[in-house]
Amino acid sequence: MRLEEMQFFDPRREMEFSVNRLPHWQQAGGVYFVSFRLGDAVPRALMDPWLGERAVWSGQHPTPWSEDVEREYHSRFTAEIERWLDAGHGACVLRKPASAEIVAEALRFFEGTRCQMFSWVIMPNHVHALFTRMAGYELEEMLHAWKLFSARQINTLSGTSGHLWQRDYFDRLVRDAGHFARCVRYLRKNPAKAGLKEGEYLLWESELAQGIL
């Protein structure tokens, strides 16, 4: 797929909006930037005040949100979570190459059938992925499948049991080619920004992503 062939967010087209513990937007044919994290990646001492502040803000900004309001949400709340993730809290089991490769296998599994991947990075305690989903496959179903498969395999590998991933995930619909390029660069730079060394993360880029400087 070439950049000019991609369908980015279009406010004139039908869009699905849902709120569980976090807000989620979906649009057929859209490109998504998705992040999901391990269950111990953000300490409760940080998460509880964040949830309280977000609840107050959300009460003052009823959905559906405008583009400006959505941008403010990500600037205030998503960006703060990302800073905490990069700080390396928790056991960081994905720092182990064998565990990271299990997640990579999960991300590759639906390629060409349920989604098309453009780039992903597996960090010690979280994952970012940039992709488009095929018609007929829901975003939350793919996230559930990735988490379920990888949790079972990693627990078997480490001799542990129980929940591995945080239930929720963060997602953004990519708005245009410029936004897409910024997402590619973010994933590419994330390991260095977090101070990681070679072997402590896995980064994959499609030919399209590799062509973005």
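The values are calculated or read from the model by the stated rules, or taken from the named source; none is laboratory data. Note that the coordinates shown come from a computational prediction; the quantities given were computed from them, not determined experimentally. Virtual Cβ from ideal backbone geometry, glycine too; neighbours counted across all protein chains shown.
Taking the condition of being surrounded by fewer than 16 Cβ atoms within 10 Å (Cβ to Cβ), closer than 18 Å to residue 40 by Cβ and not hydroxyl-bearing (Ser, Thr, Tyr), how many residues in the stretch 156-176 meet it? Explain how you work it out, then say what you get.
Keep residues of the stretch 156-176 that are surrounded by fewer than 16 Cβ atoms within 10 Å (Cβ to Cβ), which gives 156-163, 167-168, 176.
When the remaining residues are screened for being closer than 18 Å to residue 40 by Cβ, the result is 157-163, 167-168.
Going one step further and asking which of them are not hydroxyl-bearing (Ser, Thr, Tyr), we end up with 157, 159, 162-163, 167-168.
Qualifying residue count for the region: 6.
Does the stretch 150-166 contain any residue that is within 18 Å of the chain's Cα centre (by Cα) and among the charged types (D, E, K, R)?
no
Would you check which residues across the stretch 59-74 are in a loop (DSSP other than H, G, I, E, B) and not hydroxyl-bearing (Ser, Thr, Tyr) and list them?
The initial filter retains those residues of the stretch 59-74 that are in a loop (DSSP other than H, G, I, E, B), namely 61-66.
Matches in the stretch 59-74: 61, 62, 64, 65.
Kindly provide the set of residues from the stretch 68-117 that are among the acidic types (Asp, Glu) and over 19 Å from residue 164 (Cβ atoms), ordered by number. Show your work before the answer.
Initially, the stretch 68-117 is screened for residues among the acidic types (Asp, Glu), giving 68, 70, 72, 80, 82, 86, 101, 105, 111.
Selection gives 68, 70, 72, 80, 82, 86, 111.
Out of all the residues in the stretch 119-141, is one or more touching a Pro at 6+ places or on another chain (Cβ under 8 Å) and over 23 Å from residue 182 (Cβ atoms)? Give the steps one after another, and end with the answer.
Of all residues in the stretch 119-141, those touching a Pro at 6+ places or on another chain (Cβ under 8 Å) come to 121, 123.
Filter once more, keeping what is over 23 Å from residue 182 (Cβ atoms): none.
Checked against the condition, which is being touching a Pro at 6+ places or on another chain (Cβ under 8 Å) and over 23 Å from residue 182 (Cβ atoms), the stretch 119-141 yields no hits at all.
Kindly indicate which of 56, 42, 34 is modelled with pLDDT of 90 or more, of a type in the set (A, V, I, L, M), outside any loop (DSSP other than H, G, I, E, B) and under 19 Å from the mean Cα position of the chain (by Cα).
Working: 56 fails: under 19 Å from the mean Cα position of the chain (by Cα); 42 fails: outside any loop (DSSP other than H, G, I, E, B).
On inspection, the qualifying residue turns out to be 34.
Select the strands (runs of 3 or more DSSP E) contained entirely in the stretch 118-213, then report the ones holding at least 3 residues which are hydrophobic (A, V, I, L, M, F, W, C) and in contact (Cβ under 8 Å) with a residue 12 or more places away in the chain.
Details: elements: 126-133, 170-173, 202-205.
Correct list: 126-133, 202-205.
Residue check: is residue 113 closer than 29 Å to residue 46 by Cα, of a type outside the set (Gly, Ala, Ser), over 15 Å from the mean Cα position of the chain (by Cα) and surrounded by fewer than 16 Cβ atoms within 10 Å (Cβ to Cβ)? Before the answer, list the steps.
Details: closer than 29 Å to residue 46 by Cα: no; of a type outside the set (Gly, Ala, Ser): yes; over 15 Å from the mean Cα position of the chain (by Cα): yes; surrounded by fewer than 16 Cβ atoms within 10 Å (Cβ to Cβ): yes.
When the stated conditions are applied, residue 113 does not pass them.
If I ask for residues that are more than 20 Å from residue 203 (Cβ to Cβ) and free of Cβ contacts under 8 Å to residues at least 12 places away in the same chain, which ones from the stretch 73-102 would you list?
Those that are more than 20 Å from residue 203 (Cβ to Cβ) and free of Cβ contacts under 8 Å to residues at least 12 places away in the same chain: 75, 79.
Identify the residue in the stretch 1-31 that is modelled with pLDDT of 60 or more and aliphatic (A, V, I, L, M) and, among all such residues, is nearest to residue 119 (Cα to Cα).
Out of the qualifying residues, it is 31.
I need a count of the residues in the stretch 162-179 that are of a type in the set (A, V, I, L, M, F, W, C) and out of contact with any helix residue (DSSP H, G or I) (no Cβ under 7 Å at 6 or more places or on another chain). I'd like the intermediate steps shown before the answer.
In the first step, residues of the stretch 162-179 are kept if they are of a type in the set (A, V, I, L, M, F, W, C); the result is 164-165, 170, 173-174, 177.
In the following step, the residues that additionally are out of contact with any helix residue (DSSP H, G or I) (no Cβ under 7 Å at 6 or more places or on another chain) were identified as 173.
Result for the stretch 162-179: 1.
Name the residue that is surrounded by the fewest Cβ atoms within 10 Å (Cβ to Cβ), counting only residues in the stretch 181-194 that are over 14 Å from residue 120 (Cβ atoms) and not charged (D, E, K, R).
Among them, the one singled out is 192.
Taking the stretch 77-117 on its own, how many of its residues are in contact with a Ser or Thr (Cβ under 6 Å, 6 or more places away or on another chain) and either in a loop (DSSP other than H, G, I, E, B) or closer than 23 Å to residue 209 by Cα (or both)? First the steps, then the outcome.
Quick first cut of the stretch 77-117, residues in contact with a Ser or Thr (Cβ under 6 Å, 6 or more places away or on another chain) only: 93, 102-103, 106, 116.
Checking which are either in a loop (DSSP other than H, G, I, E, B) or closer than 23 Å to residue 209 by Cα (or both) leaves us with 102-103, 106, 116.
Here the count works out to 4.
Going residue by residue through the stretch 173-188, is there one that turns out to be over 14 Å from the mean Cα position of the chain (by Cα), among the aliphatic types (A, V, I, L, M) and on the phi < 0 side of the Ramachandran plot?
Checked the stretch 173-188: at least one residue is over 14 Å from the mean Cα position of the chain (by Cα), among the aliphatic types (A, V, I, L, M) and on the phi < 0 side of the Ramachandran plot.
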